[in-house]
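Q: Just passing along the structure, written as structure tokens.
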Amino acid sequence: MDLLSLIPAFGGLIWILVSFIVALSVIVAIHEYGHYIVGRWSGIHADVFSIGFGPVLWSRHDKRGTRWQIAALPFGGYVKFAGDANAASGKDEEAMEAASADPEALRRTMHGAPLWARAATVAAGPVFNFILSILVFSMIGYSTGIISDPLTVGELRPLPNETNELRSGDVVLEIDGNPLPDLDDQNYSSFFSALPMTADLEYTVEREGTRIVVQGPHYQSPLVHRVVPQSAAISAGLERGDVIVAIDDVTINTFPEIKAAVESSNGRPLKLGVWRNGEVLEKTLKPLPVDILTEDDGFQTVWRIGIVSGAPFDGAREAPGVGQTLSGGVRQTWAVIDGTFSFLGGMIAGQVSTCNLSGPIGIAQTAGQMASQGTMSFIRLIALLSTAVGVMNLFPIPALDGGHLVFYAYEAVTGRPPSDAALRILMTFGFAMILMLMIFATSTDLFCP
């Protein structure tokens, strides 16, 4: 075996691990900081704030007596509040006995704090994950801006089209003789889908105050704007900026033609002609089945190769307002939450393949692939994963935050917490359930296509 041949693969593995650890560490740090800071505000003392598990690599004590540390296994983290010992019992019996003699000391423990303080502290972890997602999505939205209305040509993208007469600054008035709808018109997207499937179209534009007609590429060009992680396209080596000019030796003029060819393939391998930097490359890939949510809240399995289309030019953009930016962040975060519950419900009902579930291997690979596509893609992944972590932790499973909130709800209704014996049994069950879910998710990483 040629050991040198393993270097690229080894380097790729290191890149995947580093990307995964960075993404996970950021998300865990925000989650645990939510627990910590709300606990502190609620009068609950934190003994330890740890990023990672196992042997401690670095630590320091702050003026409040909390030890901040980084541990050797960077696959999670925790906050140990006063009175906590282990997850099975949920209490440090010796600390609780010592604190019981001092009401003020007891109040500073997790189990001696009022119900509202405990519930707020536990709920804060997932809430901070959602806040992180909202802020990241908002930041991305602000940095990219919103497309100006009317549509104005910005930077032109390289295409194998030699008749592109569009120029940066052109204001698009009509395409193929049809007036362009306003950006907020409900028919805006369908307008482009109704255009003829030809490589070139006539654009009526306003250029330097003059209305002229020029030739330009189809607005829905066969340009790869983004490659989806864990997809057939990324496995075949497709890249952002590639232009698919042929499928099975049939000329492709528009992106809808790619979609039609892939969906009708029934999963058979497709031979692609890909234009890249003036050269046409041959790529072969096999479409993968993907479950998508339909308009009637059902699910449909379709074939996909994992690319997102792009226009032949970047539309000129303008900076959005603060309110518009934050509302966009909230909408995107809610869309992820809603989509997560929809797909989980579909899996439970048997409508969606469990292959849509990613385990640690799949998440790590996604992190590496997103990081390789640029900083903005990686930051967007952090927002998506942060939302997923927030949702997961709200599941009513003992040992997760949602499970603790169920215990507190029981205490609020009955006036007393569950017994220690019941807590031990439920927490053990919760850990066993989480372990089984992790094993199942990992199996999907290993055995799903």
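Q: Would you check which residues across segment 135-148 are among the polar types (S, T, N, Q) and either in contact with a Lys or Arg (Cβ under 7 Å, 6 or more places away or on another chain) or surrounded by fewer than 18 Cβ atoms within 10 Å (Cβ to Cβ) (or both) and list them?
A: Here is the first cut: in segment 135-148, the residues among the polar types (S, T, N, Q) are 138, 143-144, 148.
Result: SER143, THR144, SER148.
Q: Within segment 82-93, is there a residue that is acidic (Asp, Glu), at pLDDT below 75 and in a helix (DSSP H, G or I)?
A: yes
Q: Oh, and also: Return yes or no: is GLY141 farther than 21 Å from ILE212 by Cβ, out of contact with any Cys (no Cβ under 7 Å at 6 or more places or on another chain), not β-branched (Val, Ile, Thr) and not in a loop (DSSP other than H, G, I, E, B)? Working first, answer last.
A: On the way: farther than 21 Å from ILE212 by Cβ: yes; out of contact with any Cys (no Cβ under 7 Å at 6 or more places or on another chain): yes; not β-branched (Val, Ile, Thr): yes; not in a loop (DSSP other than H, G, I, E, B): yes.
In short, yes.
Q: To continue, here is another question. Tally time: how many residues in segment 295-320 are over 18 Å from LEU272 (Cβ atoms) and touching a residue at least 40 places away in the same chain (Cβ under 8 Å)?
A: 14
Q: Looking only at segment 285-334, count how many residues are of a type outside the set (Asp, Glu), open to solvent by less than 60 Å² (accessible area, probe 1.4 Å) and more than 30 Å from PRO269 (Cα to Cα).
A: Looking only at that region, the number is 11.
Q: Mind telling me which of the residues LEU115, LEU132, LEU151 ends up being over 26 Å from the mean Cα position of the chain (by Cα) and buried (at least 20 other Cβ atoms within 10 Å of the Cβ)?
A: Among LEU115, LEU132, LEU151, only LEU151 is over 26 Å from the mean Cα position of the chain (by Cα) and buried (at least 20 other Cβ atoms within 10 Å of the Cβ).
Q: Continuing with this model, one more query. Kindly check whether there is at least one residue in segment 188-210 that is outside any loop (DSSP other than H, G, I, E, B), in contact with a Pro (Cβ under 8 Å, 6 or more places away or on another chain) and of a type in the set (Asp, Glu).
A: Within segment 188-210, one or more residues are outside any loop (DSSP other than H, G, I, E, B), in contact with a Pro (Cβ under 8 Å, 6 or more places away or on another chain) and of a type in the set (Asp, Glu).
Q: Check off (1) without any contact (Cβ under 8 Å) to a residue 24 or more places away in the chain; (2) out of contact with any helix residue (DSSP H, G or I) (no Cβ under 7 Å at 6 or more places or on another chain) for PRO396 and give me the number that stays unchecked.
A: (2)
Q: May I ask you to list the residues in segment 421-449 that are outside any helix (DSSP H, G or I) and open to solvent by less than 60 Å² (accessible area, probe 1.4 Å)?
A: CYS448
Q: On the given criteria, is GLY362 under 27 Å from GLY241 (Cβ atoms) and within 17 Å of the chain's Cα centre (by Cα)?
A: Details: under 27 Å from GLY241 (Cβ atoms): yes; within 17 Å of the chain's Cα centre (by Cα): yes.
Yes.
The values are calculated or read from the model by the stated rules, or taken from the named source; none is laboratory data. Quick caveat: nothing in here was measured; it's all calculated off a predicted structure. Positions of Cβ are generated from backbone atoms using ideal geometry, with glycine treated the same way; all protein chains shown enter the neighbour counts. In case anyone asks, the SASA skips ligands and DNA or RNA and just uses the protein heavy atoms, side chains included. Shrake-Rupley method; radii C 1.70, N 1.55, O 1.52, S 1.80 Å.
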